[in-house]
1. Tell me which residues, restricted to segment 24-66, are among the small types (G, A, S) and assigned to a loop (DSSP other than H, G, I, E, B).
2. Restricting the search to segment 18-29, which residues are among the charged types (D, E, K, R) and either modelled with pLDDT under 80 or surrounded by 10 or more Cβ atoms within 10 Å (Cβ to Cβ) (or both)?
3. Which number in (1) at pLDDT 85 or above; (2) part of a loop (DSSP other than H, G, I, E, B); (3) surrounded by 10 or more Cβ atoms within 10 Å (Cβ to Cβ) marks the one condition that E15 misses?
4. So, of the residues in segment 30-82 that are acidic (D, E) and modelled with pLDDT of 85 or more, which turns out to be surrounded by the most Cβ atoms within 10 Å (Cβ to Cβ)?
5. Which pairs do you get when a residue that is touching a residue at least 60 places away in the same chain (Cβ under 8 Å), found in segment 1-30, comes within reach of a residue that is loosely packed, with under 10 Cβ neighbours inside 10 Å, reach meaning Cβ atoms under 7 angstrom, with the pair 6+ apart or on two chains?
Amino acid sequence: MPEQLSTVILMDDEEDDETDTNLLKPPVSSFIPSPPERFAKLDLMPPPTETSTVASKALQKEFKSLVKLQTNDVLPFYIDPGTDS
């Protein structure tokens with residue numbers, strides 16, 4: 001059985017430098033939305049021929065979680081929560 005490692009707490013006793021500043025500042029989002037003219041060139045999936053309440057609720061739950069992640073700048077893409085398509 002491997003030997004258990006002891007917990008070590010590291011303290012930064014040095015003065016703040018450029019590395020500390022880079023670690024503490026929030027990341028800058030590099031996302032730039034595409035112009036609306038590009039949307040006309042996208043091929044959309046056809047609407048479903050059969051639907052169920054369970055499937056609709058599951059999709060709505062996933063969509064809400066994606067919009068929530070988007071507010072935290074976690075997604076590498078953009079979802080417009082105001083659209084129906």
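1. Selection gives S29, S30, S34, S52.
2. D20, K25
3. Here E15 meets the rest and fails (3).
4. E62
5. none
The values are calculated or read from the model by the stated rules, or taken from the named source; none is laboratory data. This one's a predicted model, so the numbers in the text were calculated from it and none came from an experiment. We place every Cβ from the backbone using ideal geometry, glycine too, and count neighbours over all the protein chains shown.
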